[in-house]
Amino acid sequence: MYRLRTCAVRLCPLTPPKHARSASRQRLAVGSAQRTFQLIRCYAAPVSTKPFLSGSSSSYVEEMYCAWLENPKSVHESWDSFFRHANAGATLGTAYQSPSALGVSLSALPQPSVEKLVEDHLAVQTLIRAYQIRGHHIAQLDPLGIMDADLDSCVPTDIITSSDKLGFYGLTESHLDKVFRLPKTTFIGGSKAALPLREIIRRLEMAYCQHIGVEFMFINNLDQCQWIRQKFEKPGVMQFTLEEKRTLLARMVRATRFEEFLHRKWSSEKRFGLEGCESLIPALKTIIDKSSENGVDSVILGMSHRGRLNVLANVIRKELEQIFCQFDPKLEAADEGSGDVKYHLGMYHRRINRVTDRNITLSLVANPSHLEAVDPVVQGKTKAEQFYCGDTQGNRVMSVLLHGDAAFAGQGIVYETFHLSDLPSYTTHGTVHVVVNNQIGFTTDPRVARSSPYPTDVARVVNAPIFHVNTDNPEAVVYVCNVAAEWRATFHKDVVVDLVCYRKNGHNEMDEPMFTQPLMYKQIKQQKAVLQKYAEKLMAEGAVSRQEYEEEIAKYDKICEEAYARSKDEKILHIKHWLDSPWPGFFTLDGQPKSMSCQSTGVEEEELAHIGGVASSVPVKDFTIHGGLTRVLRGRGALVARRAADWALGEYMAFGSLLKQGVHVRLSGQDVERGTFSHRHHVLHDQNVDKRTCIPMNHIAPDQAPYTVCNSSLSEYGVLGFELGFAMASPDALVLWEAQFGDFHNTAQCIIDQFICAGQTKWVRQNGIVLLLPHGLEGMGPEHSSARPERFLQMCNDDPDVCPTLTGDLAMQQLYDCNWIVVNCSSPANYFHVLRRQILLPFRKPLIIFTSKSLLRHPEAMSSFDDMLPGTYFRRLIPEEGTASHNPAGVKRIVFCTGKVYYDLAKERKTKGLEETVAITRIEQLSPFPFDLVKPELDKYQQADLVWSQEEHKNQGYYDYVRPRICSTIDHTRPVRYAGREPAAAPATGNKKAHLVELKRFLDTAFNLDAFQDQP
């Protein structure tokens, strides 16, 4: 029934009208066509012709209607009948009458039938769409010609590779020379609106099935899809001037000869060379050139080891002698720390871009062997630079990430980083991702390394276009990179360039790849180098002569030899030459090194009261907050009136006072805006207006620094890496990452181990990031109890067997020498001070804070304003200040502890009536260990036995770290006993009753004065 109803629409030869429309006729057509088009849509809706008659095709119907107004005989009789009755006001179902009803015989219609012509046009449109969607599957992407980049040798059924496949669309060879009108969703016609089918297929093959494969049809944005189609479908788009070709050749010469030079000089050294993907160098330089042309003046790069030295030499333009001297095993390091291997080091360089004559800053971020770990770090650093220069759209600062194919598909951090790409507080407004697709991992075949067709398929989740390109065609590589840079500048979205290449040597230059990939490496040995191929192409074209080519090679070889000679004069290595994030002016004051001291971290009472007032109010008019939150703010106001602060208010005052001093504060993590434990409430939500929020902290003072507090995606690895990168950009910001529970930092362990713990030692790069890790055994089970302090303490670099000389400002010297600071505060005031000290120190160290959960609302965990006024400091150790301290000779036991267990111990001591005989000392800063403060405590209570008490199990927590250091402090003259839970595999029990039993047991042990009498 539906087919009969739509015959008026389907029996139309859709050939272009030949009549030009006059202005008067066009105005008439627009008015009259409304009824006609309504009828057309009603007729067409039930059948598959609807897409053909909607969207861009409706303009064609309008054109045909206007042509009919000029000359009714210019259209087929079926349309003539339809337009006549429609203009006369016919209703649905009566507008069309067959030509036979008008006295015209259907047998007079041309063959094939009009209906068949429509179907053929639809088939051609479907064919075009098939190439746009799946043409990349048959593109010639592998330079070796032995591997399908998508791991599938089958040709899609709907791609025309022979005349036999025309039948899939209901077409035959007779259609190849027939002319078909092109839809507006393709640009293959150029200025032509119609082409023969044979030419349509040829142009589609040229656009989508040569050395470039384009994946973009999954993008759900028509404008973006049309933009990409235009870049690849228009005939003749990939044209290069003579000068551009010569520049490309020169860049290929540099990329190739650099690797060959290293091979000649250090044939037995690992360098993770770029042989097989030399096109990477012109690819990166093209991205930088085009981005510079579009206004970018800072590019931050991240990459793993493959080709890193080449990128440093020929993209960042690191001095060659500095690279070459890294190969000399006799040279000694001049800087502190152990350093890192040359293909892990970073670099920062500001220079003139010779293509655009504009200044550009290039920064390559140092990276360990953990491949993709640097991805979020680069994004965070990029975000910070954008933030500090007011670049809200990413027009001036951008990031470029280089990946390996196996890592891109296999490392989950890639996915986490992509999902940060469009989040408001994390977006860098588009990243260009370049994949060095060796088509192999270390020794792993891609067919057993991933389940997706391409290694780049992960990028599809954020609608990033993916451009695959055969790197043996340098011009195709450069064109694709130009398009990628333009995409980023136009849409501020991520884009992926997949450089399909090969790895000439093994995983490193000492490895034998024939063990595992014999057929691939037989082909590689026969492969002609891409430089030679391209040079021969240009010489055949007459673009360069052989003499010019050889002179270009000789010129660069001479540059390398001269740099090699200079490298011999470098007597020592300076890792500081390889800094990727210099902080000019931070380490000096008036041209002189800063004093190694720290001013008081206290704040005037008037300022504390003012910040407390902001914290307990809603500084926006007509803003409705939740009723429960009203009580919270009222409670804060009451605390301020009493000159007291709980944990949340202490944090608020630390942040607020720094903001008032012009220090930017950024707090990030899962649910940090409210706080996992509903204590923070730094972002207020209007209960009546969607998305209306208020951040009171940004209303402290007119000229304050901005406060950024942002809930992160449900990621630890990616987000912590991002915040680390953000903290790299500037030392004058307090950047904090809070784990939802301290336990959850374990999925970010790679960032902690490789970047935070050892970053300064490996790369001479200080960083002041703060990790807030909620910690404490409270009967909540093994997954919500322990931040694993033993892991952080095990990685501290202080010697447990050496008590430092207790002279001078030992505390400051220790802080300067340590790799990071580990604290567990027991009071809001101390938490307040340690946060402020982090900024007021004359240097930067990572700060690990084991924060509490139960102390957030513990009635005893309160601090007076007196503990936060000028002249007060962070207390690394809080000694016994009660009754026991007045009669040290009568004290039989001194219990050392840290964190919230102090309150359990103090309560139990009071219950047992032992306040005169047991002293409790809190070690608030665990590392660097406060030897200078522990010793006076031990000397004071010389007759007391020593106990370390903790709520964590014996093989966890702090005991193994603290015990040897206390022993070293007293030269092992007295033993240190343990009072806590027994060793266990899990951090905590999941049974509340068992938890309380364990707590009671270790508290009894701590205060049983006879418990250790029989121990040596």
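Read-outs: derived from the displayed coordinates by stated rules, not from any lab. Remember, predicted model here, so these are calculated numbers, not experimental data. Every residue, glycine among them, receives a Cβ derived from its backbone with ideal geometry; neighbour counts consider all protein chains shown.
Side notes on the structure shown:
- Some residue of the range 812-820 being in a loop (DSSP other than H, G, I, E, B), without any contact (Cβ under 8 Å) to a residue 24 or more places away in the chain and either in contact with a Phe, Trp or Tyr (Cβ under 7 Å, 6 or more places away or on another chain) or not aromatic (Phe, Trp, Tyr) (or both): no
- Qualifying helices (runs of 4 or more DSSP H) (wholly inside the range 503-593; at least 2 residues being over 30 Å from Gln439 (Cα atoms)): 530-541, 546-567
- Of the criteria (1) surrounded by fewer than 22 Cβ atoms within 10 Å (Cβ to Cβ); (2) closer than 19 Å to Phe586 by Cα, which one Gln838 fails: (1)
- Scanning the range 961-1016 for residues being within 30 Å of Lys935 (Cβ to Cβ) and surrounded by 13 or more Cβ atoms within 10 Å (Cβ to Cβ) gives a total of 28.
- Flag if Pro842 is in contact with a Ser or Thr (Cβ under 7 Å, 6 or more places away or on another chain) and of a type outside the set (D, E, K, R): yes
- Filter result for Ala727 (small (Gly, Ala, Ser), touching a strand residue (DSSP E or B) at 6+ places or on another chain (Cβ under 8 Å) and part of a helix (DSSP H, G or I)): yes
- Residue that is nearest to Gly669 (Cα to Cα), among those in the range 401-444 that are in contact with a Phe, Trp or Tyr (Cβ under 7 Å, 6 or more places away or on another chain) and among the hydrophobic types (A, V, I, L, M, F, W, C): Leu420
- Matching residues, the range 285-331, being among the polar types (S, T, N, Q), under 20 Å from the mean Cα position of the chain (by Cα) and outside any helix (DSSP H, G or I): Ser298, Ser304
- Yes/no for Gly718 being buried (at least 24 other Cβ atoms within 10 Å of the Cβ) and touching a His at 6+ places or on another chain (Cβ under 7 Å): no
- Condition met for Gln740 (out of contact with any Gly (no Cβ under 6 Å at 6 or more places or on another chain), part of a loop (DSSP other than H, G, I, E, B) and not charged (D, E, K, R)): yes
- Among the residues listed as Ala733, Ala729, the single one being among the aliphatic types (A, V, I, L, M), out of contact with any Gly (no Cβ under 6 Å at 6 or more places or on another chain) and under 26 Å from Ala787 (Cα atoms): Ala733
- Meets criteria (in contact with a strand residue (DSSP E or B) (Cβ under 9 Å, 6 or more places away or on another chain) and either in contact (Cβ under 8 Å) with a residue 12 or more places away in the chain or assigned to a helix (DSSP H, G or I) (or both)) for Phe467: yes
- Of all the listed residues (Thr428, Thr361), the sole one being in a strand (DSSP E or B) and within 23 Å of Pro731 (Cβ to Cβ) is Thr361.
- Scope the range 743-771; condition farther than 23 Å from Pro987 by Cα and part of a helix (DSSP H, G or I); matching residues: Gln754, Phe755, Ile756, Gly759, Gln760, Thr761, Lys762, Trp763
- Leading residue by the ranking (surrounded by the fewest Cβ atoms within 10 Å (Cβ to Cβ)) among those in the range 871-913 that are assigned to a loop (DSSP other than H, G, I, E, B) and within 41 Å of the chain's Cα centre (by Cα): Tyr873
- Residue in the range 571-587 that is farther than 30 Å from Leu835 by Cβ and more than 36 Å from the chain's Cα centre (by Cα) present: yes
- Qualifying residue in the range 463-477 (condition: more than 20 Å from Ala283 (Cα to Cα) and either of a type in the set (Phe, Trp, Tyr) or touching a Lys or Arg at 6+ places or on another chain (Cβ under 7 Å) (or both)): no
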